[in-house]
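Written out below as structure tokens is the structure these notes cover.
The values are calculated or read from the model by the stated rules, or taken from the named source; none is laboratory data. As the structure is a prediction and not an experimental result, all values here were calculated from the model. Here the Cβ positions follow ideal geometry from the backbone for every residue, glycine too, while neighbour counts run over all protein chains shown. Just the protein is used for accessible areas: all its heavy atoms, side chains included, with ligands, DNA and RNA removed. Shrake-Rupley method; radii C 1.70, N 1.55, O 1.52, S 1.80 Å.
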Amino acid sequence: MRKWNWLKGLLSVGTALVGSAALAGDVGTIPTIADPDHVFQQTSYDMGVLGLGGDQCNSCDSGTGLGSWFSGENGDPWKAIDASECGWNIGGWTEFGYSNKSDGVFETHPRHFDLQQFNLFVEKVADGKDGIGFGGRVDVMYGTDAQNTQAFGNQPGKFDYLNGWNHGVYGWAMPQLYAEVAADDLSVKVGHFYTLLGYQVVPATGNFFYSIPLTFNFGEAFTHTGALATYKASDTVTAYAGWTLGWDTGFNQLGSGSSFLGGAAVKVTDSLTATYITTFGNLGWIGDGYSHSLVLDWIINEKWEYVFQTDTLRTNGGPAGQLHAGNPYDTVGLNQYLYYTINPKLKLGGRAEWWKADGQSYNEITAGINIMPTANIRLRPEIRHQWAPGANNVANQFGLPVDQTMFAFDVIFTF
């Protein structure tokens, strides 16, 4: 199901949150937009990583980290092969999920325990510390989330979009395929990669909550194709600048898609980081326009973390044949997150969202728990309430349920 089929609307209303947390140790912490590894979907935030090396990796070994379910330390994540010195990594994750109702976004197959993401990746991070370094990454995803992650900003039949990769609610996607070169504090990616916009990410391993914010689904790109430079100007400032073929493209230009993507992440204080990302120009299938996201991440203390996000998107509706052709599309979203860490294996989280599209406001609040019995397993039960004052619960323009409470959970295995 194409993202913009839901991307017909956005959410509006955000205020306080519910207590929350992030998972234990480095492998379980909630990534922030100011972390380039989070922004670029690197492997550092994945709960487990499998490394692959060459003949020189004779010292690579395996290990597991086990512990009790609700207390104690998890230790290191299980690794089939620890080949970090070899430069290349192979890894992935499997996510199974269930919801009792459809939220109209990603969870559109209720009352089924589905394989949502089976993701494999091969990666080498370009290292420019000792001169010019080369790298790259490819991700392949299978599951019910795959159709939402394809390059639906393409012409049909191009790359992974409407190209015979789908069967029923399941399908395949290739959300990342890029090469990278680095020198000193500058790196450049060329190819197909995840967006910089927003706080939420596509990989299940990068988010605290199982369910998807409306702002993310209807007001942000998922992927781009183009070139993106990252420059670490100092210990507190990282700058991004690049050119893309528009939103959600995969090695294909729809119309005259050509846009800027960039911004900066600034460590304002030791506990506060601000990240501003913008994209503007011809955004391809959603037309000429402008969008930005601002994320403030405040580490209050070792137990509490607060995140504030605001997004704005304005376009002229896209080229002929597209959903919003000739009709301006304006959205704004406010999301707030609050996390509370009980111990390395238990964290609580709350999210409050207000999202407004084309004059209609939508709201959702979500409360959840992350349980990490081992370093490679995470469980994410949650309760979500969604409502939209003034919208018809049956026939609102985005096909979203606008007055319901939903229970959902998933389990993620990493390797």
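Just a few scattered comments:
- Screening the stretch 141-167 for residues that are open to solvent by less than 10 Å² (accessible area, probe 1.4 Å), out of contact with any strand residue (DSSP E or B) (no Cβ under 7 Å at 6 or more places or on another chain) and polar (S, T, N, Q) and picking the one that is nearest to residue 211 (Cα to Cα) gives 148.
- Test result for residue 193, crowded, with 22+ Cβ neighbours inside 10 Å, under 17 Å from the mean Cα position of the chain (by Cα) and at pLDDT below 95: no
- Odd one out for residue 310, checked against (1) in contact with a Pro (Cβ under 7 Å, 6 or more places away or on another chain); (2) modelled with pLDDT of 95 or more; (3) over 21 Å from residue 106 (Cβ atoms): (1)
- Hits in the stretch 193-244 (condition: in contact (Cβ under 8 Å) with a residue 24 or more places away in the chain, farther than 23 Å from residue 121 by Cβ and assigned to a loop (DSSP other than H, G, I, E, B)): 211, 213, 233, 235, 236
- Any chance residue 174 is surrounded by fewer than 24 Cβ atoms within 10 Å (Cβ to Cβ) and either touching a strand residue (DSSP E or B) at 6+ places or on another chain (Cβ under 8 Å) or more than 22 Å from residue 258 (Cβ to Cβ) (or both): yes
- Positions within the stretch 97-133 being farther than 30 Å from residue 401 by Cα and acidic (Asp, Glu), in sequence order: 123, 127, 130
- Just one of the numbered conditions (1) within 25 Å of residue 335 (Cβ to Cβ); (2) in contact with an Asp or Glu (Cβ under 7 Å, 6 or more places away or on another chain) is not true of residue 275: (2).
- Taking first residues from the stretch 261-280 that are over 13 Å from residue 241 (Cβ atoms) and partners that are of a type in the set (Phe, Trp, Tyr) and in a strand (DSSP E or B), the Cβ contacts under 7 Å between residues at least 6 apart in sequence or on separate chains come to 271/298; 272/298.
- Residue check: residue 250 meets all listed conditions (1) closer than 26 Å to residue 364 by Cα; (2) buried (at least 23 other Cβ atoms within 10 Å of the Cβ); (3) not charged (D, E, K, R) but one, namely (1).
- Condition broken by residue 173, with the remaining ones in (1) of a type in the set (A, V, I, L, M); (2) in a loop (DSSP other than H, G, I, E, B); (3) under 29 Å from residue 353 (Cα atoms) satisfied: (2)
- Set side by side, the residues 218, 208 differ, and just one is among the aromatic types (Phe, Trp, Tyr), under 22 Å from residue 253 (Cα atoms) and open to solvent by less than 10 Å² (accessible area, probe 1.4 Å), which is 218.
- Residue count for the stretch 104-154 satisfying the condition of being assigned to a loop (DSSP other than H, G, I, E, B), out of contact with any helix residue (DSSP H, G or I) (no Cβ under 9 Å at 6 or more places or on another chain) and under 20 Å from residue 411 (Cβ atoms): 7.
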